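*Asks:* Can you keep this structure in mind? I'll have questions shortly.
The values are calculated or read from the model by the stated rules, or taken from the named source; none is laboratory data. Since we're looking at a predicted model, the values are computed, not measured. Counting neighbours? That spans all protein chains shown, and the Cβs are built from the backbone with ideal geometry, glycine included. Note: accessible area is taken over every heavy atom of the protein model, side chains too, but ligands, DNA and RNA are not part of it. Shrake-Rupley method; radii C 1.70, N 1.55, O 1.52, S 1.80 Å.
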Amino acid sequence: MARQRTTISDIARQAGVSSGAVSFALNGRPGVSEETRARILRIADEMQWRPNNAARALRDARSDVVGFVIARPARTLGVEPFFAQLISGIQAGLSQSEIALHMLIVEDTEAEIRTYKHWWNEHRVDGWILIDLQENDPRIPVLEAQQMPAILLGGPTEHRSIPAVWTDDREAMMTIMSYLATLGHRRIAHVAGIPGFLHTQRRMAAVQDSIEEFGLESAVSYPTDFSDSQGASITRRILSQRKDRPTAIVYDSDVMAVAGSGVTREMGVSVPEDVSIVAFDDSALTSLVYPGITSLTRDTFALGEQVARTLLEIISGKDMPLDIAATAPTLTVRGSTAGPNRRDG
């Protein structure tokens, strides 16, 4: 009877590590310590593991396509300038190498994972772009187990196996809070994004840290789904407070900031005299409304290009650092911010 071929999963069970860690060790890629790598190689030798050359040849066949699957409400994405600029930048970075972008919007993370497995098994894509990292993100083990080349947009991450292009969300939020505190604001509200995302969690944590850091009376975060409707409804809730109403509101997106600005007009609240408004993301929207909205500004198109170029280098087999810094955003001050009205602040 023919002996069954030893698989990467067999080695992983014997070594007590993930299949992704075994793959990194066997292929000489970063992502595992030298001690772990040596142990995996020793076990692989003892188990007489040999690479499946036929499978490797099939895997190495290029499709010249990159996959980008987004688990967010399609209606919300359709009005967000950030994603339009990001996708444009990604495609520009890929087009230079005549690589196509295969994008799909799905309802949840489970559907995203199913797409990864489906497209990868059918050799539709050469690698993946991931966004909206989560705590204990279930997508990461899938990518590692199937040895899928990938780049993360956002970080840093704890798994330490897939390179990430990221900016410091905490530092960016602290920049906003410091600016508002310098203006004299002591009660600040934060209209946050989806709470399961790590970047939302980091921003919310920074808001809480700013209470002690800048001597604030209060700083409260209100999670949303990033939609303009929830941004508007939370703004109504904040401005309806009769006692100790916040004198400044920070929004996690430009779309929610513009929606909130509309609510202030509806409720007869003056910007910036009665409340200051700041957006975490900048776009044409924030400069076209009146007054223009103070925002964190970054070149999202260039960020997309950087992500695309980095992924192509990973696909080509080049070793990349795990943490890749993107250009930090800067605060663009417009007419929506001023010192608090002393009658209220």
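*Asks:* Before anything else, pin down the relative contact order of region 219-345: Cα pairs under 8 Å, at least 6 apart, normalised by residue count, whole percent.
*Replies:* Working: 184 pairs, mean separation 33.5, N = 127.
Rounded, it is 26 percent for region 219-345.
*Asks:* Starting from the amide H of Ala100, placed 1.01 Å from N in the peptide plane, find each other amide H under 5 Å away whose residue is 5 or more places distant or on another chain.
*Replies:* Here the answer is Val65, Val66, since their amide H atoms fall under 5 Å of that of Ala100.
*Asks:* Quick check: pseudo-label points 7 Å beyond the Cα along Cα→Cβ at Arg62 and Glu213, how many nm apart are they?
*Replies:* Going from the Arg62 label point to the Glu213 one covers 4.4 nm.
*Asks:* Under Stokes-Einstein, with the Kirkwood radius over Cα pairs standing in for Rh, what whole-number D in µm²/s applies to the chain at 20 °C and 1.002 mPa s?
*Replies:* Numbers: Rh = 22.0 Å.
This corresponds to a translational diffusion coefficient of 97 µm²/s.
*Asks:* Let me check I've understood the local charge: for Tyr251, count other residues with C-beta under 12 angstrom from its C-beta, Lys and Arg +1, Asp and Glu -1. What total comes out?
*Replies:* Values: positive: Arg203; negative: Asp228, Asp252, Asp254, Asp281, Asp282.
My count for the surroundings of Tyr251 gives -4.
*Asks:* When the solvent-accessible surface of protein heavy atoms is calculated with a 1.4 angstrom probe, in what order do Glu34, Glu122 fall, highest first? All intermediate terms of the calculation are to be shown ahead of the outcome.
*Replies:* Numbers: Glu34 130, Glu122 95 Å².
The residues order as Glu34, Glu122, largest area first.
*Asks:* Still on this structure, please answer the following. Relative contact order, percent, of the chain when contacts are C-alpha pairs under 8 Å separated by at least 6 residues? Let's see the in-between values first.
*Replies:* Details: 624 pairs, mean separation 62.6, N = 345.
It comes to 18 percent, rounded to a whole number.
*Asks:* Moving to a separate point now. Beta carbons within 10 angstrom, averaged per residue: use that to sort the peptides 91-102, 124-135, highest first. Numbers along the way, then the final one.
*Replies:* Numbers: 91-102: 16.1, 124-135: 20.4.
Averaged packing, sorted descending, gives the order 124-135, 91-102.
*Asks:* Turning to a different aspect of this structure: What ranking do 283-289, 210-216, 143-149 get when scored by the average of other Cβ atoms within 10 Å per residue, highest first?
*Replies:* Working: 283-289: 18.0, 210-216: 15.0, 143-149: 19.6.
My ranking of the peptides, most packed first, is 143-149, 283-289, 210-216.
*Asks:* Also, I was wondering about something else. Which log10 I(q)/I(0) values does region 149-203 give at q = 0.15, 0.30 Å⁻¹ under the Debye formula, counting every alpha carbon as one identical point scatterer?
*Replies:* -0.54, -1.21
*Asks:* Then there is this: Roughly what % of Cα-Cα distances in region 251-345 sit above 15 Å, to the whole percent?
*Replies:* Considering region 251-345, 65 percent of its Cα-Cα pairs are separated by more than 15 Å.
*Asks:* Moving on. Give me D for region 87-232 in µm² s⁻¹, whole number, from Stokes-Einstein with Rh from the Kirkwood sum over alpha-carbon pairs, 4 °C and 1.567 mPa s.
*Replies:* Estimated via Stokes-Einstein, D reaches 74 µm²/s.
*Asks:* Cβ under 13 Å from Ala279's Cβ, Ala279 left aside: what net charge do those residues give with Lys, Arg +1 and Asp, Glu -1?
*Replies:* Details: positive: Arg203, Arg298, Arg334; negative: Glu80, Asp228, Asp252, Asp254, Asp281, Asp282.
Taking every other residue near Ala279 into account, the sum is -3.
*Asks:* Over the alpha-carbon set of region 216-257, divide Rg by the Kirkwood Rh and report the Rg/Rh ratio to two decimals.
*Replies:* Numbers: Rg = 10.4 Å, Rh = 10.9 Å.
Computed over Cα atoms, the ratio is 0.95.
*Asks:* Can I ask one more? Take Trp166, Trp119 and sort them by solvent-accessible surface of the protein heavy atoms, 1.4 Å probe, largest at the top.
*Replies:* Details: Trp166 55, Trp119 15 Å².
Per-residue accessible area, sorted high to low, gives Trp166, Trp119.
*Asks:* Now, a different point. Kindly provide log₁₀ I(q)/I(0) values, in the same order as q = 0.15, 0.18, 0.21, 0.24 Å⁻¹, from the Debye equation applied to equal alpha-carbon scatterers of region 57-158.
*Replies:* The Cα Debye sum returns log10 ratios of -0.63, -0.92, -1.24, -1.51.
*Asks:* I'd like the Karplus ³J(HN,Hα) series for region 108-123: coefficients 6.51, -1.76, 1.60, θ = phi - 60°, whole numbers in Hz, and an x wherever there's a Gly or Pro.
*Replies:* After applying 6.51 cos²θ - 1.76 cosθ + 1.60, I find 7, 5, 4, 5, 4, 5, 4, 5, 3, 5, 5, 5, 5, 5, 8, 6 Hz.
*Asks:* While we're here: Using 5 Å bins from zero, what percent of all Cα-Cα pairs in region 199-276 falls into each bin?
*Replies:* 3, 14, 26, 24, 21, 10, 2
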